[in-house]
1. Which far-off residues, 5 or more places away or on another chain, put their amide H under 5 Å from the one on V40, with H placed in the peptide plane?
2. Go through the stretch 280-346 and name the trypsin sites (Lys or Arg not before Pro) that are in a DSSP coil and have 15 or fewer other Cβ atoms within 10 Å of their Cβ.
3. Taking H placed 1.01 Å from N in the peptide plane, check which residues at least 5 places from D115 or on another chain put their amide H under 5 Å from its amide H.
4. Please get the size of the charge dipole for the chain, origin at its Cα centre, with Cβ charges of +1 on Lys and Arg and -1 on Asp and Glu, quoted in debye to the nearest 20.
5. Charges on Cβ only, +1 for Lys and Arg, -1 for Asp and Glu, centred on the Cα centroid of the chain; of V282, F197, N344, which one is farthest towards the dipole's positive end?
6. Mind checking the angle between helix 330-344 and the chain's longest principal axis? C-alpha axes, 0 to 90 degrees, to the nearest 10.
7. Around D10, what is the net charge, scoring Lys/Arg as +1 and Asp/Glu as -1 over all other residues with Cβ under 10 Å from its Cβ?
8. If the reach is capped at under 17 angstrom between alpha carbons, list the aspartates and glutamates near K296, excluding any in the same chain fewer than eight residues apart.
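Derivation of every value follows stated rules applied to the coordinates shown; laboratory data play no part. Everything quoted here is computed from the prediction, not taken from an experiment. Glycine gets a Cβ as well: all are built from the backbone with ideal geometry, and neighbour counts include every protein chain shown.
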Amino acid sequence: MAVFNQVDFDNHEQVVFCSDKESGLKAIIAVHSTKLGPAVGGCRLWNYASDEDAVTDVLRLSKGMTYKNAVARLPFGGGKSVIIGDAKTIKSEALFRAFGKQLERLGGSYYSAEDVNITTGDVMMMHKETNYVMGLEGKSGNPSPFTALGTFLGIKAAYQHKHGHQNLEGVKVAVQGLGAVAYDLCKHLHNAGAELFVTDINEESVARVVNAFNATAVGIDEIYDLDVDVYAPCALGATVNDNTIARLKASIIAGCANNQLAESRHGEILREKGVLYAPDYVINAGGIINVYYETKEEGYSAEAATKHVEGIYDTLIEIFQRSDVEQVSTHVVANELAEEIIANGL
């Protein structure tokens, strides 16, 4: 497997393969860029079908973090890590401490944090071996509520741009994936009067949201065929693809999942169909914004973090307006904005 020949390899500064026999650790760390600062991005634990799939994921996610941190105006570069395995069986203190030792060896070029199947408690176990972690308990803590807030405000921004108002009363939203972020997002949407249609591979997660927010449960595949206003992908990536675009009826795609477009060309297809897409790494930046505020000399401030997250609304409005003027898809405009910031500095 030649990493340099991978389609998603984009002049990454480092790609590190890590293993530890005793704990069973098999991990990959990708540092895409440190131009704006140390690379920062979460660690994902996933039972990938192949090592090649894991490499593809970590390369795409790390580049996404470079752009996400830039557009969020954070003094961070982009990086990401993945641990390969079944979260239900592989988790242990030894595993996370072994991973912490690997982070320590990088000497601060990359800081990790929580992500899919990784909790703040897991990060605290890494922290026993390294200081190169963020999102610590007792500091900024769980970033999920901030990611959810940014995603909710992003949906409002999209609705404002598309319909001239941001009143979500009676608006039908299909939420795919019901993890911690999506649960909080559903709470915001429910409180705003939206009608929710939800799905997840975990039946308990579905039942929880149905009971709490009067949502309607639908099948995993059925979610793409619903006659709704907003499709909110909040699970894994690439759910916006040739197959699903032909089926989706929503006029807005706005959710917290990473890498929602299977390929870049799908963003342009959405624009041609009149579907407004909120670029994923812009709308879901609330968590990393919150994490940043634990690095401030004056100490962590949830109020300051929240105010920064609220800026996601304005950033998306700017992207939507530029997309209209330039007649290019929103994800291209977001990439242009990120590259301008990386080139010129914060």
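1. So V40 has HN proximity to G77, G78, G79, Y111.
2. K296
3. Residues meeting the criterion, in which the H sits 1.01 Å from N, are C43.
4. 380 debye
5. N344
6. Rounded to the nearest ten degrees, it is 40.
7. Its environment carries a net charge of +1.
8. In chain and number order, the partners are E137.
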